[in-house]
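Enquirer: Handing you this structure, nothing more for now.
The values are calculated or read from the model by the stated rules, or taken from the named source; none is laboratory data. All values derive from a computational prediction rather than experimental measurement. For neighbour counting, all protein chains shown are included, and Cβ atoms are generated from backbone atoms with ideal geometry for every residue, glycine included.
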Amino acid sequence: MKLTVEEFRAWDNKCVTLLGMSGVGKTHLSAMLRRHDWFHYSGDYRIGTRYLDEHILDLIKGQAMQVPFLRDLLRRDWIFIRNNIKVDDLGPVLSFVGKLGNPEVGGLPLAEFNRRQALYREAEIAAMMDLPKFVQKAQEIYGYSHLVNDVGGSLCELEEPRVIDLLAAHSLILYIQVPEQDEIKLIQRAQADPKPLYYRPQFLDAAVRDYLDARGLEYVAEIDPDDFTRWVFPRLFHARVPRYEAIAEPYGYTVSSTEVAQVHDERDFLSLLEEAIARKPD
């Protein structure tokens with residue numbers, strides 16, 4: 001959605017999509033806006049509670065059935081298992097996505113990893129296509145005037161134009177760019193606590209080949225899951241940047257993570273958006 005500053009100010013029911021890598025400030029902004037009575041639509045929360053819920057539960061139940069005591073309780077329906085996914089704690093989703101590598105140290109075989117990656121991609125597409133419905137729900141059911149759409153860092157990897165078209169039609173897309181001087185800090189934070197990630201299939205294929213060559217390994221089953229995730233993150237980061245820019249340039253606006261760090265309340269956020277709109281060439 002492209003607006004003038006005046007049009008943005010007059011927009012009664014604002015809807016803003018936050019785009020960028022994990023760690024750039026999307027969660028900071030979303031949590032702050034919740035306190036200022038914005039509806040927080042978390043793509044990953046929707047993925048976990050709606051589109052991957054059954055898959056996650058099946059995975060947990062499969063693990064539980066390997067324990068004789070729990071197997072008996074489950075088969076007799078004496079206990080039940082459910083997800084406890086929170087907007088600020090998406091542990092079950094991350095556990096489902098998993099990491100590629102040696103199963104003996106918590107990794108996933110390549111075929112299973114690819115299966116889960118494909119399921120996650122379809123779930124993220126479906127969650128983003130739900131945005132217009134939640135804009136309406138936020139206003140008509142819950143009484144919120146504005147909505148912030150907190151999307152996953154992998155949105156730029158989906159290669160699904162209809163998703164971007166829909167987000168651009170129903171929201172103002174705000175890309176949070178990482179200044180060059182801050183890239184190393186973001187990468188170091190991600191490597192210090194390596195989390196499961198989504199990769200485009202072509203990117204993953206090339207990364208796995210290069211990693212095996214670099215480590216002198218022959219098989220994916222020899223990969224240390226955390227080591228691969230740390231090794232691949234800088235490469236993933238730099239591969240995603242032009243993809244984010246390709247979305248922001250025609251469809252949205254760009255601010256820096258440094259600017260986002262200075263946002264403390266709704267007034268700061270709205271001022272930042274106005275600045276981003278004003279400085280973009282017509």
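Enquirer: In the range 15-37, how many are part of a loop (DSSP other than H, G, I, E, B) and touching a strand residue (DSSP E or B) at 6+ places or on another chain (Cβ under 9 Å)?
Expert: Here the count works out to 6.
Enquirer: Just checking, does the range 51-66 include any residue being of a type in the set (A, V, I, L, M, F, W, C), surrounded by 15 or more Cβ atoms within 10 Å (Cβ to Cβ), touching a strand residue (DSSP E or B) at 6+ places or on another chain (Cβ under 8 Å) and under 30 Å from residue 187 (Cα atoms)?
Expert: No, every residue in the range 51-66 fails to be of a type in the set (A, V, I, L, M, F, W, C), surrounded by 15 or more Cβ atoms within 10 Å (Cβ to Cβ), touching a strand residue (DSSP E or B) at 6+ places or on another chain (Cβ under 8 Å) and under 30 Å from residue 187 (Cα atoms).
Enquirer: Hand me the list of helices (runs of 4 or more DSSP H) wholly inside the range 47-154 holding 1 or more residues that are more than 29 Å from residue 29 (Cα to Cα) and at pLDDT 95 or above.
Expert: Fully inside the range 47-154 and qualifying: 110-129.
Enquirer: Could you pull out every one of the helices (runs of 4 or more DSSP H) wholly within the range 175-282 that has 2 or more residues that are closer than 30 Å to residue 6 by Cα and touching a helix residue (DSSP H, G or I) at 6+ places or on another chain (Cβ under 7 Å)?
Expert: Where helices (runs of 4 or more DSSP H) fall fully within the range 175-282 and carry at least 2 residues being closer than 30 Å to residue 6 by Cα and touching a helix residue (DSSP H, G or I) at 6+ places or on another chain (Cβ under 7 Å), they are 225-251, 257-260, 266-279.
Enquirer: A further question on this structure: Out of curiosity, is residue 12 loosely packed, with under 15 Cβ neighbours inside 10 Å, assigned to a helix (DSSP H, G or I) and among the acidic types (Asp, Glu)?
Expert: In short, no.
Quick grid of which residues meet (1) closer than 21 Å to residue 251 by Cβ; (2) modelled with pLDDT of 95 or more; (3) over 11 Å from the mean Cα position of the chain (by Cα):
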position	(1), (2), (3)
1	yes, no, yes
5	yes, yes, yes
11	yes, yes, yes
14	yes, yes, yes
24	yes, no, yes
28	no, no, yes
31	no, no, yes
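Enquirer: Moving to a separate point now. Could you tell me whether any residue of the range 38-49 is in contact with a strand residue (DSSP E or B) (Cβ under 8 Å, 6 or more places away or on another chain) and of a type in the set (A, V, I, L, M, F, W, C)?
Expert: yes
Enquirer: Mind checking which residues of the range 99-124 are of a type outside the set (S, T, N, Q) and surrounded by fewer than 18 Cβ atoms within 10 Å (Cβ to Cβ)?
Expert: Residues satisfying the conditions are 103, 104, 105, 106, 109, 110, 111, 112, 115, 118, 119, 122.
Enquirer: For residue 6, state whether it is within 21 Å of residue 170 (Cα to Cα), free of Cβ contacts under 8 Å to residues at least 12 places away in the same chain and out of contact with any Ser or Thr (no Cβ under 8 Å at 6 or more places or on another chain).
Expert: yes
Enquirer: Select from the range 76-95 the residues that are touching a Pro at 6+ places or on another chain (Cβ under 8 Å), farther than 16 Å from residue 193 by Cβ and of a type outside the set (A, V, I, L, M) and list them in ascending order.
Expert: Once the filter is applied, which keeps residues that are touching a Pro at 6+ places or on another chain (Cβ under 8 Å), farther than 16 Å from residue 193 by Cβ and of a type outside the set (A, V, I, L, M), the range 76-95 yields 83, 84.
Enquirer: Now, a different point. Residue pairs, Cβ under 7 Å, 6 or more apart or interchain, first in the range 136-147 and aromatic (Phe, Trp, Tyr), second not in a loop (DSSP other than H, G, I, E, B). List them.
Expert: These pairs meet every condition: 142/39; 144/38; 144/39; 144/138.
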